[in-house]
Amino acid sequence: MKITFITSDCYLDTAVPLINSLLPYADITLVVNCLYTRAGNLFSSTKFISPNAAITEISNEQTGELKGYMSLLDKTASNLKIAVIFYKNFSTASLHNWLHTSKVIKYIGETDIIHMQQPSAQYFFLLNKFSYNKLVADIHDFMQHSGLRLSPWSQLIVNQWLRRSRAIITHNSFEYNLMKETAMFSRKKIYMLPFGPVHLTTQSCNYEASPPPTVLFFGRICPYKGIEYLVEAVPIIKKEIPELKVIIAGSGEYYFDIRAIKNDETYEIINHYLSNEQLAKIINKSTLVVCPYTDSTQSGVIMTAFAYGKPVVATNVGGIPEVVEDGLTGYVVPPRDPVQLAKAIIGLLTNEMLRKNMSANINKKFGGQSQTWGNIAKKTMDIYKSITDKT
């Protein structure tokens, strides 16, 4: 079977481990849509980066130049081809973007399955009816986060894109049920496949945190991430744990005034993109990870923390409680509630045995058979085969 897997650089954390696990079963062409300004996160050499190149193909001999999640692709796989499309922006009004996207058609014409993680107007109009018979839509966020709403035009395109797909993959029961209740397409083509753990590097993980007790928030800075509620919880926590340290790491513009915490020695603010290696070091030295989101569907952040055996304190939104099992792999608290958030963090920071038990539970759940990428790949192949058998 031949698969064209179309994604963006934002989704590589889950795309790469799935692709590696699919390689024993199929030939794969990976197409990555990337903003030119973010290309340096993918390659160690500028020789691959050209905003005017429609497609940059990466040979097996050149995979050593890849960075970040791309560096984790199976470099020994002769049945993996890699192509990157550079965009100056993702505007649907850009002729430049339409011309770039049209070049992908050469891969689509030779494939049995099109697995697409990034719906866009360009792909919607460029795929012909025959290509839609091959399409698997991989949806990370059926409903957009607060502050990130799609325009009516874009939402219309996404809805039509889903209607034409032969199969739709979502990643938790919350979104699966929401899609079944509200979607204007056949419910029979919706499948639910969870994420596996997301590793940052090939190096083994050091699960033991180093003192002082450290709470870590990492990820893109956006309003729905609820960072302000963590900031409100910190004074409560410090009454019990004066030596507390808080790391807030991620790129993006802060949506609330952080001047006070910038001058507070409790905090370490890292407001820029972190390499996988840098992020792995921060996670390793942290005691726990916090996700104080005000809304969400699922979280690659949580699956990354779990790859390092770190308990997570998260909010009861979207599909998060399906992953963070309250009292077993972390704590789940109400959103927008700094008091309960503080209470859960204190409970974990002051109980080393509880943290160790939670780490053991995490490793048992995600090191077993049910939620490994290998098992997820087998179920993904079953979806592919159900499409090709009917074609």
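The values are calculated or read from the model by the stated rules, or taken from the named source; none is laboratory data. Values in this document were obtained by computation on a predicted structure and should not be read as measured data. A quick note on method: Cβ atoms are made from the backbone with ideal geometry, for glycine too, and the neighbour counts reach across all protein chains shown. Side chains are part of the model used for accessible areas, which takes the heavy atoms of the whole protein and leaves out ligands, DNA and RNA. Shrake-Rupley method; radii C 1.70, N 1.55, O 1.52, S 1.80 Å.
Does the range 40-52 include one or more residues that are among the basic types (K, R), over 24 Å from L127 (Cα atoms) and surrounded by fewer than 21 Cβ atoms within 10 Å (Cβ to Cβ)?
Scanning the range 40-52, I find at least one residue that is among the basic types (K, R), over 24 Å from L127 (Cα atoms) and surrounded by fewer than 21 Cβ atoms within 10 Å (Cβ to Cβ), so the answer is yes.
Filter the range 310-336 down to residues that are touching a Ser or Thr at 6+ places or on another chain (Cβ under 8 Å) and part of a loop (DSSP other than H, G, I, E, B) and give me whichever is most open to solvent (accessible area, probe 1.4 Å). Only one residue fits best here, namely R336. Yes or no: the range 272-292 includes at least one residue that is out of contact with any Asp or Glu (no Cβ under 9 Å at 6 or more places or on another chain) and farther than 24 Å from T201 by Cβ. Checked against the condition, which is being out of contact with any Asp or Glu (no Cβ under 9 Å at 6 or more places or on another chain) and farther than 24 Å from T201 by Cβ, the range 272-292 yields no hits at all.
Looking only at the range 57-73, which residues are within 19 Å of H199 (Cβ to Cβ) and open to solvent by less than 60 Å² (accessible area, probe 1.4 Å)? Across the range 57-73, the qualifying residues are T63, L66, G68, Y69, M70, S71, L72, L73. Checking the stated criteria, A344 turns out not to satisfy the condition of being under 22 Å from A280 (Cβ atoms) and buried (at least 16 other Cβ atoms within 10 Å of the Cβ).
Filtering the range 177-208 to residues that are at pLDDT below 85, part of a loop (DSSP other than H, G, I, E, B) and either within 16 Å of Q160 (Cα to Cα) or open to solvent by less than 40 Å² (accessible area, probe 1.4 Å) (or both) leaves A183, M184, F185, S186, C205. Restricting to the range 19-39, name every residue that is within 19 Å of the chain's Cα centre (by Cα), open to solvent by 10 Å² or more (accessible area, probe 1.4 Å) and of a type in the set (A, V, I, L, M). Passing the criteria: only L35.
Here's the yes/no breakdown for (1) at pLDDT 95 or above; (2) open to solvent by less than 60 Å² (accessible area, probe 1.4 Å); (3) part of a loop (DSSP other than H, G, I, E, B); (4) on the phi > 0 side of the Ramachandran plot:
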position	(1), (2), (3), (4)
L230	yes, yes, no, no
G252	no, yes, yes, yes
D257	no, no, yes, no
A260	no, no, no, no
L274	no, yes, yes, no
K281	no, no, no, no
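The one condition from (1) surrounded by 20 or more Cβ atoms within 10 Å (Cβ to Cβ); (2) out of contact with any Pro (no Cβ under 8 Å at 6 or more places or on another chain); (3) of a type in the set (K, R) that R355 does not meet is (2).
Among the residues making up the range 268-294, those that are in contact (Cβ under 8 Å) with a residue 24 or more places away in the chain, touching a strand residue (DSSP E or B) at 6+ places or on another chain (Cβ under 7 Å) and not polar (S, T, N, Q) are L274, L279, I282, I283, K285, L288, V289, V290, C291, P292, Y293.
Taking only the range 82-123 into account, find how many residues are part of a strand (DSSP E or B) and within 27 Å of Y273 (Cβ to Cβ). Number satisfying all stated conditions: 8.
Restricting attention to the range 76-95, which residues are open to solvent by 30 Å² or more (accessible area, probe 1.4 Å) and under 21 Å from C10 (Cα atoms)? Answer for the range 76-95, where residues must be open to solvent by 30 Å² or more (accessible area, probe 1.4 Å) and under 21 Å from C10 (Cα atoms): K81, K88, N89, F90, S91, T92.
Among the residues of the range 20-42, is there at least one that is farther than 30 Å from S386 by Cα and either modelled with pLDDT of 90 or more or of a type in the set (S, T, N, Q) (or both)? Checking the range 20-42: at least one residue is farther than 30 Å from S386 by Cα and either modelled with pLDDT of 90 or more or of a type in the set (S, T, N, Q) (or both).
Looking for whichever is assigned to a helix (DSSP H, G or I), modelled with pLDDT of 95 or more and in contact with a Gly (Cβ under 8 Å, 6 or more places away or on another chain) here; the options are M353, M358. Which one fits? Please lay out each step first, then the result.
Working: M353 fails: in contact with a Gly (Cβ under 8 Å, 6 or more places away or on another chain).
That would be M358, the only listed residue that is assigned to a helix (DSSP H, G or I), modelled with pLDDT of 95 or more and in contact with a Gly (Cβ under 8 Å, 6 or more places away or on another chain).
Filtered by the rule that a residue be touching a residue at least 60 places away in the same chain (Cβ under 8 Å), out of contact with any Ser or Thr (no Cβ under 9 Å at 6 or more places or on another chain) and hydrophobic (A, V, I, L, M, F, W, C), the range 20-59 gives a lone residue, A26.
A single entry from V301, V324 fulfils the requirement of being more than 25 Å from K239 (Cα to Cα) and free of Cβ contacts under 8 Å to residues at least 40 places away in the same chain: V324.
A count restricted to the range 285-309 and to residues that are open to solvent by 10 Å² or more (accessible area, probe 1.4 Å) and touching a Phe, Trp or Tyr at 6+ places or on another chain (Cβ under 6 Å) stands at 2.
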